[in-house]
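Novice: Pasting a structure here, questions to come.
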Ligand code: KG4
Ligand code: ZN
């Protein structure tokens, strides 16, 4: 079974082909235009998706060495995300599925991230249950996954997402967007113990997160500075801030393992690209009987391969959608899981 996956929820136009759970191609047309504005501009995003989607989908078919007639289904992100951007992908997917008379399925973007860990190991797709920390620009969740569509929320942020903490922190530090990679780069090789930031909720019984206080602490720290920052000071602040975010993520994940007794743990979403977080996962795996894993870097940030894989599983489970499915910019995976 060959599925074309499409992803246009934010600022990357993605198209990918999965064959029987194995990835054949994965094309991402990144929209670099947004970096000059310090964040994603919705109108520009939808216009560029519109310009790129046809070519990107075509490139995914060529790279997979198949024709559109070889497709058995189309999977597309229908939320959460930017309304105009989602609409471009959804309408394109519907048109394609209709014209080829093949199954069509809408995928929650976060559900896509959840399965990204299996793009490089599809043979493990049926090894469940497991825990997954989903950390992106808008979400910070810990999920227990028992099967396709069978997800239980174990913990979530009560305010900002971890990616948001990186992005807002970077802005306060005068670094570029997206903030995660910029903070990671500035913090690399720097002492993270010189500047200390709070670690909200660490040591508590529940598995929730809170990052807004951390961002406020950085704001006040920067306000108090009177002299021009040296690059070493900037690096130490970035390293301290990054360490605080990662400590919170790891502590809550440890707590989730303690509460659920599960020993397979994954991370996914843009923040799972963070090298400091990946190192901590490696250490955890090496020193305990917990098996920790993370996706290859290209599957951490937004891509259509993860949408194709999630869609493939839904189509295999007979969970197709009707062509009347609409976008849902505020889609919530915990709501889908309850339905
Ligand atoms: O999953 P994603 O690409 O898009 C959303 O679905 O939101 O995640 C984007 C987020 C941004 O907040 C970005 O700063 C963060 O992922 N990010 C990182 C790194 N790379 C991307 N955060 C920390 N370290 C990184 N290396
Ligand atoms: Zn994402």
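Novice: Looking at residue 147, is it at pLDDT below 95, within 16 Å of ligand 1 (Cβ to nearest atom) and out of contact with any strand residue (DSSP E or B) (no Cβ under 6 Å at 6 or more places or on another chain)? Explain how you work it out, then say what you get.
Specialist: Details: at pLDDT below 95: yes; within 16 Å of ligand 1 (Cβ to nearest atom): no; out of contact with any strand residue (DSSP E or B) (no Cβ under 6 Å at 6 or more places or on another chain): yes.
Spelling it out, it is not the case that residue 147 is at pLDDT below 95, within 16 Å of ligand 1 (Cβ to nearest atom) and out of contact with any strand residue (DSSP E or B) (no Cβ under 6 Å at 6 or more places or on another chain).
Novice: Okay, moving on. Residues of segment 205-238 being within 20 Å of residue 134 (Cβ to Cβ) and surrounded by fewer than 16 Cβ atoms within 10 Å (Cβ to Cβ), which ones?
Specialist: Once the filter is applied, which keeps residues that are within 20 Å of residue 134 (Cβ to Cβ) and surrounded by fewer than 16 Cβ atoms within 10 Å (Cβ to Cβ), segment 205-238 yields 206, 212.
Novice: Quick one: how many residues across segment 33-57 are at pLDDT 95 or above and out of contact with any helix residue (DSSP H, G or I) (no Cβ under 8 Å at 6 or more places or on another chain)?
Specialist: 5
Novice: Related question: Could you check segment 253-297 and list, in sequence order, the residues that are assigned to a helix (DSSP H, G or I) and within 11 Å of ligand 1 (Cβ to nearest atom)?
Specialist: From segment 253-297, those assigned to a helix (DSSP H, G or I) are 253-260, 270-273, 275-287, 297; that's our starting set.
Scanning segment 253-297 gives 270, 271, 272, 273, 275, 276, 277, 278, 297.
Novice: Just to be sure, is residue 309 modelled with pLDDT of 95 or more, out of contact with any strand residue (DSSP E or B) (no Cβ under 9 Å at 6 or more places or on another chain), within 15 Å of ligand 2 (Cβ to nearest atom) and over 16 Å from residue 249 (Cα atoms)?
Specialist: Numbers: modelled with pLDDT of 95 or more: yes; out of contact with any strand residue (DSSP E or B) (no Cβ under 9 Å at 6 or more places or on another chain): no; within 15 Å of ligand 2 (Cβ to nearest atom): yes; over 16 Å from residue 249 (Cα atoms): yes.
It is false that residue 309 is modelled with pLDDT of 95 or more, out of contact with any strand residue (DSSP E or B) (no Cβ under 9 Å at 6 or more places or on another chain), within 15 Å of ligand 2 (Cβ to nearest atom) and over 16 Å from residue 249 (Cα atoms).
Novice: Let me ask something else about it. If we scan segment 178-201, do we find a residue that is within 14 Å of ligand 1 (Cβ to nearest atom), modelled with pLDDT of 95 or more and touching a strand residue (DSSP E or B) at 6+ places or on another chain (Cβ under 7 Å)?
Specialist: No; the residues of segment 178-201 include none that is within 14 Å of ligand 1 (Cβ to nearest atom), modelled with pLDDT of 95 or more and touching a strand residue (DSSP E or B) at 6+ places or on another chain (Cβ under 7 Å).
Novice: With the condition kept exactly as written, say whether any residue in segment 118-135 is farther than 20 Å from residue 273 by Cα, out of contact with any strand residue (DSSP E or B) (no Cβ under 9 Å at 6 or more places or on another chain) and touching a residue at least 60 places away in the same chain (Cβ under 8 Å).
Specialist: Checked segment 118-135: at least one residue is farther than 20 Å from residue 273 by Cα, out of contact with any strand residue (DSSP E or B) (no Cβ under 9 Å at 6 or more places or on another chain) and touching a residue at least 60 places away in the same chain (Cβ under 8 Å).
Novice: List every residue pair whose Cβ atoms sit under 7 Å apart, with the two residues 6 or more apart in sequence or on different chains, where the first one lies in segment 244-261 and is modelled with pLDDT of 95 or more and the second, anywhere, is crowded, with 21+ Cβ neighbours inside 10 Å and assigned to a helix (DSSP H, G or I).
Specialist: Listed pairs, sorted by first residue: 244/214; 245/162; 245/165; 245/166; 245/214; 246/277; 249/162; 249/277.
Novice: Of the residues that sit in segment 88-130 and are in a strand (DSSP E or B) and buried (at least 24 other Cβ atoms within 10 Å of the Cβ), which one is farthest from ligand 1 (Cβ to nearest atom)? Lay out the reasoning, then the answer.
Specialist: Step one: list which residues in segment 88-130 are in a strand (DSSP E or B), which gives 104-108, 130.
With the extra rule that they be buried (at least 24 other Cβ atoms within 10 Å of the Cβ), the set shrinks to 105-108.
Values: 105: 19, 106: 16, 107: 13, 108: 11 Å.
Ranking the qualifying residues of segment 88-130, first place goes to 105.
Novice: Considering only segment 224-248, state which residues are in a helix (DSSP H, G or I) and out of contact with any helix residue (DSSP H, G or I) (no Cβ under 9 Å at 6 or more places or on another chain). I'd like the intermediate steps shown before the answer.
Specialist: In the first step, residues of segment 224-248 are kept if they are in a helix (DSSP H, G or I); the result is 224, 231-248.
Result: 224, 232, 233.
Novice: Here is a list of conditions, (1) under 20 Å from residue 82 (Cβ atoms); (2) not in a loop (DSSP other than H, G, I, E, B), and residue 133 meets all of them except one; can you say which number that is?
Specialist: In the conditions (1) under 20 Å from residue 82 (Cβ atoms); (2) not in a loop (DSSP other than H, G, I, E, B), residue 133 misses (1) alone.
Novice: Tell me, which residue of segment 173-196 that is over 25 Å from the mean Cα position of the chain (by Cα) and either assigned to a helix (DSSP H, G or I) or surrounded by 17 or more Cβ atoms within 10 Å (Cβ to Cβ) (or both) is farthest from ligand 2 (Cβ to nearest atom)?
Specialist: 195
Novice: Working only within segment 6-41, note down all residues that are within 21 Å of residue 83 (Cβ to Cβ), away from ligand 1 (no atom under 14 Å from the Cβ) and surrounded by fewer than 22 Cβ atoms within 10 Å (Cβ to Cβ).
Specialist: 29, 33, 37, 41
Novice: Going through segment 19-32 one residue at a time, which ones are modelled with pLDDT under 95 and out of contact with any helix residue (DSSP H, G or I) (no Cβ under 6 Å at 6 or more places or on another chain)? Spell out how you get there, then give the answer.
Specialist: Taking segment 19-32 as the starting set, the residues that turn out to be modelled with pLDDT under 95 are 29-32.
30, 32, listed by residue number.
Novice: Then there's this: Can you find, within segment 156-172, the residue that is nearest to the chain's Cα centre (by Cα) among those that are under 12 Å from residue 238 (Cβ atoms) and crowded, with 21+ Cβ neighbours inside 10 Å? So that I can check it myself, show each step before the final result.
Specialist: Let us first name the residues in segment 156-172 that are under 12 Å from residue 238 (Cβ atoms), namely 166, 169-170, 172.
Retained after the next criterion (residues that are crowded, with 21+ Cβ neighbours inside 10 Å): 166, 169-170.
On the way: 166: 14, 169: 19, 170: 19 Å.
Across segment 156-172, the extreme among qualifying residues is 166.
Novice: State which residue is surrounded by the most Cβ atoms within 10 Å (Cβ to Cβ) when the search covers only segment 61-85 and only residues that are in a helix (DSSP H, G or I) and touching a helix residue (DSSP H, G or I) at 6+ places or on another chain (Cβ under 9 Å).
Specialist: 85
Novice: Among the residues of segment 298-330, which ones are surrounded by fewer than 22 Cβ atoms within 10 Å (Cβ to Cβ) and under 14 Å from the mean Cα position of the chain (by Cα)?
Specialist: Of everything in segment 298-330, just one residue is surrounded by fewer than 22 Cβ atoms within 10 Å (Cβ to Cβ) and under 14 Å from the mean Cα position of the chain (by Cα), namely 298.
The values are calculated or read from the model by the stated rules, or taken from the named source; none is laboratory data. Everything quoted here is computed from the prediction, not taken from an experiment. With ideal geometry, Cβ positions are generated from the backbone for all residues, glycine too; neighbour counts draw on all protein chains shown.
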